[in-house]
Structure formats: structure tokens, C-alpha cells
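Each value in this text was obtained by applying a stated rule to the coordinates, not by laboratory testing. Since the model is a prediction, treat every value here as computed from it, not as a measurement. Note that we place each Cβ from the backbone using ideal geometry, even for glycine, and neighbour counts take in every protein chain shown.
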Amino acid sequence: MSEWNLSGVKFEGDKTEQVPLTGLNVTKQHETKTAIFAAFRSNLADPQQSKYIVGGSIGYFGEQKLPAGNTEYGLATADHMEQRAKTTHEFNQGRIGFDKPAVMAIVVGSEGGYAGSCGNCRDVLRDTPGAIEHLTMVDAFREGGSAIVFSFKDLLVDSYPQKAKVTQDEETAINKAIKETAHPRTSFDVYGKSPLVARRTYALQINTDEGDHTWGPNTDHAFHTTTAAEVAQIMMRQDGNPFFHRAVFVGAETDGSPPDVLYRDRQTLSTMNLDQELLIGQEFNPDILLATYDKNKNISTVWETRLKDMLPLPFTPRNFGPEFMEYLKNEVRKYYEP
Ligand SMILES: [Zn+2]
């Protein structure tokens with residue numbers, strides 16, 4: 001029988017460091033282990049294509065922890081455990097969201113490390129009422145050992161330092177992105193007009209050594225939009241050039257905050273970055289600029305960060321283990337260097 005011990009965790013870019021656990025009393029620690037056990041015992045994972053089993057559980061502290069798991073369908077498409085756990089919780093409560101402290105456990109095999117939630121699951125959970133305030137997460141291995149405990153909100157990064165001095169090169173790139181954003185064919189975004197998502201209707205410019213290009217979202221009529229970075233990913237892969245040193249997000253000024261970059265887009269940019277890392281054979285952390293513009297299309301504010309600092313505890317193919325990474329490296333090389 002596996003045994004788990006709980007630890008706290010500190011996120012630094014895409015690296016994690018275990019630290020002493022704080023903020024959970026003895027009763028909640030005991031319940032967190034109960035949640036791990038419920039996830040360990042869950043038989044609701046059925047990933048027929050990847051075979052990557054993610055056991056999960058969800059429940060309020062002081063109440064039963066219900067099992068969840070990941071499933072797959074279509075062509076390499078997944079219903080992730082986190083989304084199924086959210087639905088299970090809401091079904092069980094008969095209402096939407098979380099109105100008091102709850103815990104979600106994630107249990108996977110140890111060979112690929114802790115399973116961070118993907119960008120899309122972060123988008124799903126952050127838009128679930130009460131999740132940011134109330135959700136504790138615990139990430140554990142099926143074999144037992146250390147389990148890391150953190151708040152769901154620790155996975156979210158939405159403020160960045162303002163850039164004190166914008167270089168000429170950066171200003172030129174941002175101005176070009178703003179100009180291209182106005183082009184009628186940069187975006188097809190008939191559903192992106194709700195004031196709720198005003199900060200999320202940005203365009204994305206990718207800067208490569210061979211020039212740059214700006215992409216926006218592409219709406220699907222069934223409300224499953226292909227977002228800006230996903231459009232960029234398709235175009236860059238078709239072009240056979242995954243190399244980029246910087247990405248620039250530009251959006252119209254709203255409340256003085258930077259564009260609200262979808263976690264799904266951060267995930268997609270990380271995918272493109274992994275393509276280039278596998279080709280160059282070393283780790284790389286691209287620069288990110290975020291800028292807003294006023295109604296005269298002049299730059300209002302510029303913020304800066306780096307890609308890996310926008311997505312703590314990322315889900316990557318490294319989670320599938322070292323053997324899969326060797327296979328992936330060969331596939332990526334065959335694709336870009338046929
Ligand atoms: Zn996910």
C-alpha cells in the first residue's frame with residue numbers, strides 16, 4: 001500500500017522546489033491524504049490513446065471526496081481529469097462553483113514527475129466561481145512518497161512588471177503588431193465581443209530572426225475558438241520554422257491592466273518553445289511583451305515577462321516520461337528537418 005507525506009512547494013519559472021507545508025491544520029492535512037487515496041483508488045480514468053492515467057478526486061473539506069479521471073476521444077483529444085472533477089463536484093452539489101474550501105487531488109505514475117494542470121484546465125477552473133478563492137490542490141504519485149500541496153491560485157500569473165524603458169526594436173515590434181491587429185483578416189472573432197472577455201481579445205505577434213507576423217483568434221461557430229497562439233502554432237509548423245525569441249501580446253486598453261493572456265495560449269507557446277528546444281538541444285525561455293493601445297492606436301502601457309514565468313508547474317510531454325521524450329525528439333526532428 002502506498003504512503004504519502006505532504007510538502008509545500010515553491011514555483012520558480014517551470015521549476016519546483018519543495019518547502020515545508022504551511023497553512024493546513026492537522027484535520028485538513030488528514031483530509032488531503034484522504035483525497036489522495038480517493039484519487040489513487042479512482043477507476044474513472046480511461047485514456048485509451050495515450051495510456052497516461054490521471055486519477056483525481058474532488059470535494060469540500062469536511063465532506064466526501066468524489067473520484068474523477070481523464071478520458072480521451074476523437075484524435076488525440078482529452079477530457080482532462082480537472083474538468084471532469086469540476087463537473088462531478090457541481091453535479092453532486094446541484095450548483096455551480098465552490099463556496100467554501102475544497103481540495104482536488106491529482107495522482108499519476110512517478111516516472112514523468114508531478115502532473116501540472118494544462119493551460120486549458122487553468123482557464124476552465126479560473127472561470128469557475130470560487131475556485132481561485134477556495135481550491136487547494138495536491139499532486140501525488142501512485143507509488144507514494146512526497147505529495148505537493150498548493151493553492152489553485154498559485155498556478156495563475158496575471159501581473160507583470162511594467163517595462164521602464166522600451167527599446168527602439170521593441171517599440172517597432174509593438175507598433176507593427178498594433179497596425180496588423182487592425183487588419184480585417186488578422187482575426188475572425190465574431191463571438192469575442194462580450195465585455196467579460198475584452199481583455200482576452202488580444203493579438204499575438206511572434207518575433208523570429210526572419211521577421212515577424214501577427215495572429216488573432218479564429219472563431220468556430222460551435223463556440224470552440226482556435227485562439228491566437230493556436231493559429232500561430234499551425235502557421236509556424238506549416239512554415240517549418242518554430243524558432244522564435246519573443247512573443248508580443250497587444251490588446252486595446254480596458255481598465256489599465258495588461259492583456260489577459262489565456263492559459264491555453266501560454267500552453268501552446270510552451271509547445272512551440274519545446275519544439276525549438278528539442279531542435280537546438282538546450283532549454284530556452286523566450287521574452288514576452290504585453291502592450292495595450294489607446295483609441296488612436298498609440299501604445300499606452302508595456303509590461304514584460306518570460307514565457308516560463310507565465311506558466312508555473314506546466315504540463316509538458318516530459319510528464320509522459322523519458323522514453324516518450326526520446327521518441328518526441330526524433331519526431332520533431334523528422335518534421336522540421338525531413
Ligand atoms: Zn488539462
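Below is a table of values for the structure above.
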| item | result |
| --- | --- |
| Rounded tilt (10° steps) of 26-41 against the dominant C-alpha axis of the chain | 80 degrees |
| Estimated FRET transfer efficiency when R0 is 51 angstrom, pair Val26-Asn298 (beta carbons, to 0.05) | 0.35 |
| Distance violations [Cα-Cα > 26 Å] among Lys10/Lys100; Lys153/Lys176; Lys179/Lys334; Lys163/Lys308; Lys33/Lys153 | Lys153/Lys176; Lys179/Lys334 |
| Gain in span if fully extended, Thr87 to Arg237, counting 0.36 nm per residue against the direct Cα distance | 50.6 nm |
| Helix 263-280 axis, angle to the chain major axis (alpha carbon atoms, nearest 10°) | 80 degrees |
| Pairwise centroid distance, computed over Cα atoms, of segment 5-79 with segment 99-131, Å | 7 Å |
| Whole-Hz couplings from phi, Karplus 6.51/-1.76/1.60, listed for segment 113-128; x for Gly and Pro | x, 4, 8, x, 6, 6, x, 5, 5, 5, 5, 4, 6, 5, 8, 8 |
| Protection proxy ranking, peptides 258-266, 299-307, 28-36, average beta carbon neighbours within 10 Å, highest first | 258-266, 28-36, 299-307 |
| Under the Debye formula (equal points on every Cα, no solvent term), log10 I(q)/I(0) of segment 168-311 at q = 0.13, 0.15, 0.16, 0.18 Å⁻¹ | -0.52, -0.71, -0.81, -1.03 |
| Whole-Hz couplings from phi, Karplus 6.51/-1.76/1.60, listed for segment 209-214; x for Gly and Pro | 5, 9, x, 9, 8, 10 |
| Between 0 and 90°, nearest 10: helix 81-93 axis offset from the chain longest Cα axis | 60 degrees |
| Where a label projected 7 Å from the Cα of Glu143 along Cα→Cβ would reach, residues of segment 100-129 with amide N under 11 Å | 109-113 |
| Table column - 3J(HN,Hα) (Hz), segment 324-329, Karplus curve with 6.51, -1.76, 1.60, x for Gly and Pro | 5, 5, 4, 4, 4, 4 |
| Extension gain (nm, one decimal) between Glu17 and Asp209, 0.36 nm per residue minus Cα-Cα | 65.7 nm |
| Full-stretch length increase - Glu3, Glu331 - with 0.36 nm per residue and alpha-carbon distance subtracted | 114.3 nm |
| Estimated Rh, the chain: Kirkwood, alpha-carbon pairs, angstrom | 21.2 Å |
| FRET efficiency, Phe284 to Lys100 (Cβ-Cβ, R0 30 Å, nearest 0.05) | 0.10 |
| Amide proton proximity set for Met137, modelled H, under 5 Å, gap of 5+ | Met104, Phe150, Ser151, Phe152 |
| Considering only segment 168-311, percent of DSSP beta bridges that pair antiparallel, nearest 5 | 70 percent |
